[in-house]
Amino acid sequence: MDCRQKYNILTKIIEISSATSQINERLTQVAHFLCVNNLAPTVAFYLQQRRGRRLTLRIAADSAGSLQLPTPPYSYKLPAPDDPLCKPLTTLLPNPLDPEALSPDDLFRTLRPYGWSLPMADETQAYGTMVLFGSTPFNIDNDTILFLLVICRQITLALRSSILKNRDRQKVRRLKFLHQIGAQFNASEDLQSAFSQLPNSALIFFSLSASILHIFESDQSRPRLIDQGFSDAEQRELAFQVSRHQATRAKSISHPLVIDKHSSLPSLTIYQHFFSRFCAHIILPLLSQDRMVGILEFFLTDKPRSRDILPLEKEDLELLEILVVHLVATMERTRAQNQLSAANQASLLRTRQLTLSHQMKNALLAADTPDKIIRLTLGALASNKGFTCSPALYLEFQEKDDSWHGLSYATAPSSTLTDSEQHQDSNHLDALTNHLLEASAQVPEQIQQELKTLKLPNFDTAPSRFQQAVTGRKPAIIQAEFVTVLHAKLRSLLPGQKIVVIPILSHEHPKGLMLASADRISQEDLNYITLFTDAATLALDNTELYQRLQNSLASLNSAQLRLSQSEKLMALGEMATSIAHEIKNPLVSIAGFARRLHKKIPDQSREKTYSQIITKEIERLEEIVNNVLSFSRVDSNKFEPQNLNLLIDETIALFARELKKLEINLEVQLTPEMTAVECDGNQLKQVLINLFNNSIQAMSSTSTDNEHHILVRTSCYCDLKRQQERALIEIEDNGKGIQEQFIHDIFNPFFTTKHDGTGLGLPICHRIILNHQGNIRIHNREGKGVTVSVSLPFVHQTQTKPTA
């Protein structure tokens, strides 16, 4: 197979793998195409399934088209390093198939015992193997093996892109589910109706699960039960038997418990019949302020799609925990609404407090930043329409220095909120929000300065009464002297005889602390304060979680975009190299005849000018073609000890006349007696010439009153990550710099901002430095210049190439 055939095959493979069709359809087309081109009698793809635990035959084809697979297709349990078909997953090297070492259960492989297995993997993970099958022995030379590995790499890119897209879609579905279930729970007045909507969600886990919800009522000895999703009475009774068996244990756990066939529990006798109908039992405790308010159990039905979900990953458990948080919040909201309804008849004060607590939850749900959530909560404490706990202070715990810092301060708002505004249906939320935010917006300048410098060490040496209030996890009223003793500024910030201490927790760890005057409230008010401070804690956690999910989604989208761009550039580079090869031969002939004609034309004739233009343009074309071929050519490097300072001096000498002509000041700071560096002197000089040329061109196109300046320096440093001494070359100019939107593309082949550039200078430099086991970095100062840093090891480490 010659190079043109390989190029045509690879081009077609890239076209197929980059299509928008389903990945299975693309793999089938690839397998068929390889067979048609006589690379193998049969091509099959074995892909990792069940979250990397098994290798399963997914696609197979020969020159006639797609092949019918055995039902069910055979799967290899991983890891299987001794099986020739699975071995490439661990070695990442091609491996011939041994007819003597095959499983008789793999009927497809038994009929085709000969061939090769090639890995499909990238830097992060293995995705499967591409297997070339034959019913009789056949040989493949090393060049073809290497070419097939390139094809495997392209297929790996397609598999990875498909997996990333599926993960993105799954994350979007999870975000939509969280939004949907949160809206349903918040809007539903009946917990049972909201709970019954779970099987209708878009997530497959809930559609394949039945569930039981245990709600512990404070006034009842037995919990209230809600169940849904069971297909028949026998299945429901079986689940309830297991649930009753685990009831005592479920009340003592604080984290999700997953029980499946592989669980190592002391007693699984009760589960022997259970696993005939189900494949997993998940128990989730419903905790509110360390108090068990219920238990949620999921029973995953024993179906093929259910088994693919197991084992549950971290993201799955986090989703279930968020569901539990919403469920607990809904239960607490329902319980709080009942308390509000009962207390509404007690007094006008209780009515105002309950109304504010209820509306605060909506205001907190609408708040989009942690600062706004904290200010709203402080405003509710300080407002005369709330609890009149003015002034109020929020301290934030910072783990980096194990101390508490003053963050927000609130006093009673000067504006008033009438009952009609507080109960009005339209715009009441905006009026309440503005009123509460005003409490922290009118802080005097002196108090703001005191707050910025307020810093408290950890509370290990604080009074025991204060420590009990902080670790009690619930609001508590204590004497002011136990608080103001912590810092002198607290006496002026929190005047009064009593202070309410409200700990703010995040995943059972301290996040913040609210301190407010308690001279005008009683112990009974703490129950109502808890209502919206718990909501504030939940809102803070949800805001932080949502931000993390958004950042993860943005990172995935960015990685997918860069991967797609890299594939396009790779294909473009190969195409450009092929075109350059085709152009070079006729261009040599054209250039020779053009120069001969130019010499024979009289100097004073008009044709002499035309021929001169033609000759110069041909020379520019030759430079472009040579750059393209130089970039694509794999050079044989000759590494010898070289004096970097001498190479730099030789390069500077080449540009001396041009620097003087352009009035560019050159400053050279070379470290004397630097150890010689093992490198290819010619290639390194090519890098220096390219970098000097870029700096000169950047300044020659810059019109400025400042003096043009280039600084070249060398030095030595210790790379702690690699634990080796390295040489450093820095070339700095004060040109116009690189525009920020182009900085990520400068090492991409054929990218240029010059009207006569080829876009191959920096990519060639980048490739040469990488071949020298070095690094090249760009420090850009847009409008002020660029510093290029090249680091090289003093000793080049020889790397052995794997044998095919």
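The values are calculated or read from the model by the stated rules, or taken from the named source; none is laboratory data. Note that the structure is a prediction, hence the values are computed from the model and not measured. So basically every Cβ, Gly included, is an ideal-geometry build from the backbone, and we count neighbours across all protein chains shown. These accessible areas exclude ligands, DNA and RNA; they are computed on the full protein's heavy atoms, side chains included. Shrake-Rupley method; radii C 1.70, N 1.55, O 1.52, S 1.80 Å.
The table below gives the values:
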| read-out | value |
| --- | --- |
| Projected label distance in nm at Asp460 and Ile163, using a 7 Å step from Cα toward the beta-carbon | 4.6 nm |
| Length released on extending from Asp401 to Leu654, taking residue separation times 0.36 nm less the Cα-Cα span | 85.5 nm |
| Using alpha-carbon coordinates, inclination of helix 233-245 to the longest axis of the chain, degrees | 80 degrees |
| Charge dipole of the chain about the Cα centre (unit charges at C-beta), most positive-ward option of Gln497, Ala250, Asn95 | Asn95 |
| Spherically averaged projected area in nm², based on the convex hull that wraps the Cα atoms of the chain | 50.7 nm² |
| Within region 407-554: Cβ-based charge dipole about Cα centre, in debye rounded to nearest 20 (Lys, Arg +1; Asp, Glu -1) | 700 debye |
| Heavy-atom accessible area per residue - region 1-152, 1.4 Å, Å² | 49 Å² |
| Accessible area per residue in Å² at 1.4 Å probe, computed on region 683-753 | 53 Å² |
| Packing-based ranking, highest mean first, of 433-442, 64-73 given that Cβ atoms within 10 Å are counted | 433-442, 64-73 |
| Two-site FRET efficiency, Ser63 against Lys303, from Cβ-Cβ distance with R₀ of 35 Å, rounded to 0.05 | 0.40 |
| Among Thr615, Tyr7, Ala410 - extreme Cα towards positive end, dipole of the chain, charges at beta-carbon | Tyr7 |
| Label point distance in nm, Lys6-Ser103, each placed 7 Å from Cα along Cα→Cβ | 3.5 nm |
| Rounded to 5, percent antiparallel among DSSP beta bridges of the chain | 95 percent |
| The chain, dipole about Cα centre (Lys/Arg Cβ +1, Asp/Glu Cβ -1), debye to the nearest 20 | 900 debye |
| Additional length obtainable on full extension of the chain from Ser252 to Phe593, 0.36 nm per residue less Cα span | 113.5 nm |
| For region 18-94 versus region 522-565, the gap between their alpha-carbon centres in whole angstrom | 42 Å |
| Value of [θ]222 nm, deg cm²/dmol, for the chain, DSSP H segments ≥ 4, -39500 (n - 2.57) each, nearest 500 | -15000 deg cm²/dmol |
| The chain: relative contact order as a whole-number percent, Cα under 8 Å and 6+ apart | 6 percent |
